[in-house]
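The values are calculated or read from the model by the stated rules, or taken from the named source; none is laboratory data. Being a predicted model, the structure only gives us computed values, none of them experimental. Neighbour counts run over all protein chains shown; Cβ positions are idealised from the backbone, glycine included.
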């Protein structure tokens with residue numbers, strides 16, 4: 001039996017952690033409904049308990065509704081959105097496969113990097129950060145090689161840019177390739193129709209537009225994608241993310257793969273339940289309205305949106321930091337004075353933009369008004385004051401209510 | 001902007017999920033203390049919120065205490081224990097590296113499989129399921145090649161076997177290799193001293209002996225391991241599990257890698273807080289005592305333990321299913337009549353053993369007594385009745401209280 005040695009360290013002594021209450025208006029995590037938090041705190045049961053198997057089936061059914069797909073292989077990966085991104089790449093890609101990687105920001109770069117680490121020969125198609133990726137360039141890249149996969153981000157969280165996917169599935173399939181779409185920020189905030197759009201692998205996260213805490217990554221694979229996976233020459237490089245074996249547990253066999261994160265699945269189920277009760281179309285309209293009201297206030301305050309109107313996300317609203325204003329100073333002011341979290345820019349946008357999320361349970365008229373008032377104060381504290389903005393937002397709401 | 005299509009599916013309509021209350025005495029998940037469930041349901045904050053950064057630092061400090069290590073690189077991987085296993089392998093192994101994989105059960109096989117998927121040239125050392133792995137065979141394997149890694153499971157959850165690690169670190173290091181230890185079932189149930197045992201990478205899970213729900217995987221890397229990782233020829237094949245970049249977030253830089261599973265980290269922090277308040281040594285003694293009491297009852301009931309006394313785990317107690325008894329019938333009886341979950345065997349042990357976990361908050365005198373009483377009834381219902389067992393367990397507790 002193992003021996004007991006004298007320990008070198010003192011026993012740490014902590015109090016229970018009491019997080020502050022924040023209004024989460026960054027690009028994620030987004031606010032989580034109290035009903036979801038309560039559901040998550042239910043007693044843990046076993047991952048093969050008949051009751052938990054029913055919970056899994058419910059989640060799969062509701063994910064199919066959220067993704068708008070009939071795909072059998074639709075389930076949550078046991079990791080965050082980035083794990084879902086990696087699962088989408090490593091299940092499809094074998095060393096030497098050609099991958100067209102569309103890159104318009106941080107998350108496009110990440111997907112490209114993952115494809116490289118999986119041994120792909122990549123053909124990157126780049127757009128300037130803040131712009132959508134040119135369809136003709138994507139088409140040229142697809143025709144320049146024999147891609148197995150075309151990977152693209154539908155809602156680029158680092159720039160606030162929406163990428164139009166209409167017709168892309170047909171183009172990709174006409175060249176015998178598979179379409180992989182990052183819907184981490186899109187799902188639950190903006191229209192995604194997996195089957196109708198011809199998406200072969202689509203992944204998202206449990207937070208943002210879905211409304212659970214971060215920790216799981218919903219993913220769906222078309223039959224075309226599954227055929228490619230079962231026809232692989234070599235095993236998927238990741239054991240943890242291999243969907244052919246994960247499916248042995250999430251499918252009819254129920255044979256053990258890894259121990260499911262039980263409580264996170266409770267949370268995801270409850271968040272999806274609330275999403276289904278609201279309905280996807282009303283949810284998209286809610287996100288659109290709150291984004292429009294916020295943008296009206298941005299204009300009225302003399303601030304500028306980064307992205308051209310037709311390419312803007314509804315979930316993540318990206319505002320340029322004015323020349324005279326200190327980015328971090330405004331964010332600290334919001335956090336300290338109003339307990340509101342917004343986020344700065346990534347990479348080339350560091351210090352140059354704010355990323356303001358109005359997603360899931362956080363996309364509300366009340367939050368828009370709180371934010372606009374607090375942002376106006378934070379800017380004024382730095383001597384930037386071109387108007388309050390609140391009235392402009394209210395006009396948008398009034399018009400929506402009247403119509 | 002994206003178009004809205006007519007949806008093909010009806011909106012699902014569910015009630016909130018109400019899991020049954022179970023007494024979790026399988027090999028995991030184990031019971032979670034109400035304080036941990038409550039901590040997990042606290043409001044979500046941002047992954048870069050100053051308050052969350054403090055939460056992360058607290059977790060790292062308490063994990064160092066739990067692992068008994070001074071390793072700087074000590075943190076929870078954002079996935080279950082299997083993700084921690086994969087992180088330990090893919091960070092160290094490059095294609096062509098030699099790995100000695102010690103295999104005495106299901107989880108040893110899994111680690112071997114992961115090494116193969118990472119491109120390792122593996123040298124497996126196998127023991128019969130239910131027996132510990134012979135040290136001389138391990139030594140022969142290490143000397144037969146030039147291993148970069150020797151991987152071994154300290155507590156094999158599939159068989160209930162403890163693997164003595166004394167002196168193994170010195171042997172492995174004398175050959176210039178790194179020692180990777182699976183402590184998924186060991187940590188918090190049985191003595192693990194990462195530094196004193198010369199372990200280079202040790203991983204566990206958030207559930208079982210730690211007491212949080214499943215979903216995170218505590219891991220620690222020695223400076224020797226980190227030197228090997230930073231000296232790699234090629235990038236780690238997994239972007240999600242690459243500790244050199246994860247450390248950019250968990251270390252002083254605080255630069256974004258992936259969105260941390262906030263609520264799961266709350267749960268892990270609270271479970272570690274309770275573990276620290278109890279102390280590791282008293283916790284091990286508690287697990288040992290409850291295991292001894294249960295084993296005494298097993299003997300009294302005319303059942304047989306699979307593993308020889310010196311190699312037995314305290315956390316997972318593996319009992320042979322008697323010839324005349326139906327494995328699944330007993331488990332269903334326990335679940336239906338007493339709401340107690342125990343587990344069957346894996347692989348070659350399917351239908352042949354029960355795996356009974358007494359771990360974390362589940363390792364209590366009350367649970368042992370409930371289980372013994374219920375197991376006796378379930379066996380009697382199948383005509384197997386060689387005695388009640390409860391008195392034997394009580395004698396062990398009485399003796400412990402008297403001493």
ask   = Can you name the condition, by its number, that residue B:38 falls short on among (1) surrounded by fewer than 20 Cβ atoms within 10 Å (Cβ to Cβ); (2) outside any helix (DSSP H, G or I)?
value = (2)
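For every residue, the table says whether it meets (1) closer than 30 Å to residue A:336 by Cα; (2) within 8 Å of chain A (Cβ to nearest Cβ); (3) within 18 Å of the chain's Cα centre (by Cα).
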position: B:25; (1), (2), (3): no, no, yes
position: B:34; (1), (2), (3): no, no, no
position: B:38; (1), (2), (3): yes, yes, no
position: B:43; (1), (2), (3): yes, yes, no
position: B:49; (1), (2), (3): yes, yes, no
position: B:58; (1), (2), (3): yes, yes, no
position: B:62; (1), (2), (3): yes, yes, yes
position: B:65; (1), (2), (3): no, yes, yes
task = State all residues of the range B:169-190 that are at the interface with chain A (Cβ under 10 Å from one of its Cβ atoms) and either closer than 22 Å to residue B:90 by Cβ or part of a helix (DSSP H, G or I) (or both); if no residue qualifies, say none.
result = B:184, B:186
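Going by the conditions given, is residue B:96 more than 17 Å from the chain's Cα centre (by Cα) and touching a residue at least 12 places away in the same chain (Cβ under 8 Å)?
On the way: more than 17 Å from the chain's Cα centre (by Cα): yes; touching a residue at least 12 places away in the same chain (Cβ under 8 Å): yes.
Yes; evaluated as a whole, the condition is true for this residue.
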remark   = The one condition residue B:277 fails out of (1) buried (at least 19 other Cβ atoms within 10 Å of the Cβ); (2) within 19 Å of residue B:59 (Cα to Cα) is (1)
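For the range B:67-78, how many residues are within 7 Å of chain A (Cβ to nearest Cβ) and within 25 Å of residue A:217 (Cα to Cα)?
Going through the range B:67-78, the residues within 7 Å of chain A (Cβ to nearest Cβ) turn out to be B:68, B:78.
Now restrict to residues that are within 25 Å of residue A:217 (Cα to Cα): B:78.
Going through the range B:67-78 one residue at a time, the tally reaches 1.
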ask   = Which one of these is touching a residue at least 60 places away in the same chain (Cβ under 8 Å), surrounded by 22 or more Cβ atoms within 10 Å (Cβ to Cβ) and farther than 25 Å from residue A:26 by Cα: A:225, A:186, A:196?
value = A:225
query = Is it true that some residue in the range B:284-301 is assigned to a loop (DSSP other than H, G, I, E, B) and surrounded by fewer than 20 Cβ atoms within 10 Å (Cβ to Cβ)?
reply = no
task = Report yes if some residue within the range A:324-335 is under 20 Å from residue A:130 (Cβ atoms), out of contact with any strand residue (DSSP E or B) (no Cβ under 7 Å at 6 or more places or on another chain), at pLDDT 95 or above and facing chain B (nearest Cβ under 10 Å); otherwise report no.
result = no
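Any idea how many residues of the range A:191-205 are part of a loop (DSSP other than H, G, I, E, B) and under 14 Å from the mean Cα position of the chain (by Cα)? Working first, answer last.
Within the range A:191-205, the first condition is being part of a loop (DSSP other than H, G, I, E, B), and the residues that meet it are A:191-200, A:204-205.
So of that shortlist, the ones also under 14 Å from the mean Cα position of the chain (by Cα) come out as A:191-192, A:204-205.
Of the residues in that region, 4 qualify.
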query = Is the range B:151-168 home to any residue that is assigned to a helix (DSSP H, G or I), touching a strand residue (DSSP E or B) at 6+ places or on another chain (Cβ under 9 Å), closer than 22 Å to residue B:313 by Cβ and within 13 Å of another protein chain (Cβ to nearest Cβ)?
reply = yes
message = Going residue by residue through the range B:257-277, is there one that turns out to be assigned to a helix (DSSP H, G or I), within 25 Å of the chain's Cα centre (by Cα), assigned by TED's automatic domain parsing to the domain that holds residue B:51 and farther than 26 Å from residue B:49 by Cβ?
response = no
message = Anything in the range A:131-150 that is touching a residue at least 24 places away in the same chain (Cβ under 8 Å) and not in a loop (DSSP other than H, G, I, E, B)? List them, or say none.
response = A:135, A:138, A:139, A:141, A:142, A:143, A:149, A:150
ask   = Among the residues of the range A:20-35, is there at least one that is surrounded by fewer than 23 Cβ atoms within 10 Å (Cβ to Cβ), modelled with pLDDT of 95 or more, in a loop (DSSP other than H, G, I, E, B) and out of contact with any helix residue (DSSP H, G or I) (no Cβ under 9 Å at 6 or more places or on another chain)?
value = yes
query = Any idea which residue in the range B:115-130 is farthest from the chain's Cα centre (by Cα), counting only those that are at the interface with another protein chain (Cβ under 10 Å from one of its Cβ atoms) and in a loop (DSSP other than H, G, I, E, B)?
reply = B:119
request  = Considering (1) part of a loop (DSSP other than H, G, I, E, B); (2) more than 26 Å from residue B:207 (Cβ to Cβ), say which one residue B:398 fails and leave the rest.
outcome  = (1)
query = Is there a residue in the range A:242-249 that is loosely packed, with under 15 Cβ neighbours inside 10 Å and at the interface with chain B (Cβ under 10 Å from one of its Cβ atoms)?
reply = no
key: Selected residue (criterion: farthest from the chain's Cα centre (by Cα)) from residues of the range B:346-381 that are over 21 Å from residue B:286 (Cβ atoms) and within 11 Å of chain A (Cβ to nearest Cβ)   = B:350
remark   = Quick count over the range B:342-369, residues being assigned to a strand (DSSP E or B) and surrounded by fewer than 20 Cβ atoms within 10 Å (Cβ to Cβ), is 1
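Kindly indicate whether residue B:210 is in contact with a helix residue (DSSP H, G or I) (Cβ under 7 Å, 6 or more places away or on another chain), outside the structural domain of residue B:289 (by TED's automatic domain parsing) and under 23 Å from residue B:288 (Cα atoms). It would help to see each step written out before you state the result.
Values: in contact with a helix residue (DSSP H, G or I) (Cβ under 7 Å, 6 or more places away or on another chain): yes; outside the structural domain of residue B:289 (by TED's automatic domain parsing): yes; under 23 Å from residue B:288 (Cα atoms): yes.
Spelling it out, residue B:210 is indeed in contact with a helix residue (DSSP H, G or I) (Cβ under 7 Å, 6 or more places away or on another chain), outside the structural domain of residue B:289 (by TED's automatic domain parsing) and under 23 Å from residue B:288 (Cα atoms).
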query = Restricting attention to the range A:310-334, and to residues there that are in contact with a helix residue (DSSP H, G or I) (Cβ under 8 Å, 6 or more places away or on another chain) and more than 20 Å from residue A:386 (Cβ to Cβ), which single residue is surrounded by the most Cβ atoms within 10 Å (Cβ to Cβ)?
reply = A:315
request  = Could you check how many residues of the range B:79-114 are in contact with a helix residue (DSSP H, G or I) (Cβ under 7 Å, 6 or more places away or on another chain), more than 10 Å from chain A (Cβ to nearest Cβ) and buried (at least 24 other Cβ atoms within 10 Å of the Cβ)?
outcome  = 7
